[in-house]
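Read through the structure below, which is laid out as structure tokens, and then see the notes.
The values are calculated or read from the model by the stated rules, or taken from the named source; none is laboratory data. The model shown is predicted, which means the values in this text are computed figures rather than measured ones. For neighbour counting, all protein chains shown are included, and Cβ atoms are generated from backbone atoms with ideal geometry for every residue, glycine included.
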Amino acid sequence: MLDKMSVVWELTMAGLESLANTDFSKVEFESLGLALGASLFILGSLLFKLLWGRDRFYHLGSGHKVPLEYHRGKISKIFYMFPKFIFVIGVVFLLLAIANPYLPRTKIDQTIESRERVDLIDMSSSMGWEFENTGKSGGEFAREGFLKFLNMRRGQNDKTSLWFFSTKSYIEEDFIIDDDVYFMEVSDAPYTIVDPGHSSLVVNDPNNYYQVDIVAPPSRVRKIPYEGSTQLNPALDAIIKYFDTEGDKRVKNRALIVVTDAAVEQYPEDQLKELKKRNIGIYFLHIKPNVEGERQYGTSIGLSYAELLKRYVEQHGGQFYDVRDDRSLEAAYRDINKLETAPLRITRHLLKILIYQRPLIASIVLMFLAISFGVLIERYLGKNL
């Protein structure tokens, strides 16, 4: 019982403290009409009581004689008026509660509009060759820069999907918004995909007949039969279909990033047209190929493809970046990050913080005090004043 009384006391004091701290200059009322109607009803009832009510002690000619003990002096009248005064104040607070007071608040939500992006990474055998005497494969060099780009994009609400391509295309991660999960997927992905019998694998070239071998760590080489070439067109076809079937039609901003050494087998002119038709931004990062490796394996024709591919990409509204070192790679990703800045949508919500509980608690407390004082005065002071 004492615990319940303690809780009631704490709630009451908290409500009164909130009322005392209320800035009434900012308070607005939602039901002023209802409170006004209640006020008129109370005033009408009092007026009726005063004009047409009956009181046997004061009605002239009632035939009753008021005993002397019931006569009240000035001090007695003051004491008897005190509970009534408190009760009237309690009624005023009750009317304030009926008026449903509230504090207007404006909540501002800043929402970064979502963007859809597919990252297509070249994992042909040539991406496993050494990049510019760095001791790293082209795939590893490109991956390190791409991970830095993902750190730039943190918090941008990107909806991203990870794809690889070599002879075939592979989806590694469906559209996802979780930056940390996506970063981990990219970080753990292989650098190259080749056929287990590919001659550029060191294990398949014990006599070192080929001077250029895959230098990517064995744990980052995914071995799949008949893989190793650079078939970009089928990969782009698959991604266009993926955007059409899995993309969110409500997302207006869509992009495709292609990281490749551009030693492609065919020109993707038709695919670039389809991407442009769908308003998908195109970003090609051309990782400088290992020239000796291309010549050694008889694919040097791919070297001349890069310039023509650049012309095709730019002709269809895309961006083409020649990446020759760390600096140019970082500059390319900074530019993409700037071009892909997500628009910020600001939404203002008008809120009403209802505070009718504060005057209601005050009303209950005052009425309780008025009744308590009235009983005490009538019981102990009535005949002594």
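Checked against (1) assigned to a strand (DSSP E or B); (2) crowded, with 20+ Cβ neighbours inside 10 Å; (3) out of contact with any helix residue (DSSP H, G or I) (no Cβ under 8 Å at 6 or more places or on another chain), Tyr102 meets all criteria but (2).
Taking the stretch 202-228 only, how many residues are under 48 Å from the mean Cα position of the chain (by Cα), farther than 20 Å from Thr134 by Cβ and aliphatic (A, V, I, L, M)?
Step one: list which residues in the stretch 202-228 are under 48 Å from the mean Cα position of the chain (by Cα), which gives 213-228.
Those still in the list that are farther than 20 Å from Thr134 by Cβ too: 222-228.
Filter once more, keeping what is aliphatic (A, V, I, L, M): 224.
Result for the stretch 202-228: 1.
Taking (1) at pLDDT below 70; (2) exposed (fewer than 12 other Cβ atoms within 10 Å of the Cβ) in turn, Ala20 satisfies each apart from (1).
Take Leu43 and decide whether it is modelled with pLDDT of 70 or more, under 24 Å from Val91 (Cβ atoms) and touching a helix residue (DSSP H, G or I) at 6+ places or on another chain (Cβ under 7 Å).
Spelling it out, it is not the case that Leu43 is modelled with pLDDT of 70 or more, under 24 Å from Val91 (Cβ atoms) and touching a helix residue (DSSP H, G or I) at 6+ places or on another chain (Cβ under 7 Å).
Are any of the residues in the stretch 187-198 out of contact with any Asp or Glu (no Cβ under 7 Å at 6 or more places or on another chain), polar (S, T, N, Q) and not in a helix (DSSP H, G or I)? For the stretch 187-198, residues out of contact with any Asp or Glu (no Cβ under 7 Å at 6 or more places or on another chain), polar (S, T, N, Q) and not in a helix (DSSP H, G or I): present.
Every residue, every condition in (1) within 40 Å of the chain's Cα centre (by Cα); (2) modelled with pLDDT under 95, yes or no:
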{"site": "Lys252", "(1), (2)": "yes, yes"}
{"site": "Ile257", "(1), (2)": "yes, no"}
{"site": "Pro268", "(1), (2)": "yes, yes"}
{"site": "Leu272", "(1), (2)": "yes, yes"}
{"site": "Val291", "(1), (2)": "no, yes"}
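Across the stretch 202-259, the qualifying residues are those that are assigned to a helix (DSSP H, G or I) and polar (S, T, N, Q), and the one among them that is surrounded by the fewest Cβ atoms within 10 Å (Cβ to Cβ) is Thr245. Residues in the stretch 163-183: is at least one under 38 Å from the mean Cα position of the chain (by Cα), buried (at least 16 other Cβ atoms within 10 Å of the Cβ), of a type in the set (Lys, Arg) and assigned to a loop (DSSP other than H, G, I, E, B)? Looking through the stretch 163-183, none of the residues is under 38 Å from the mean Cα position of the chain (by Cα), buried (at least 16 other Cβ atoms within 10 Å of the Cβ), of a type in the set (Lys, Arg) and assigned to a loop (DSSP other than H, G, I, E, B).
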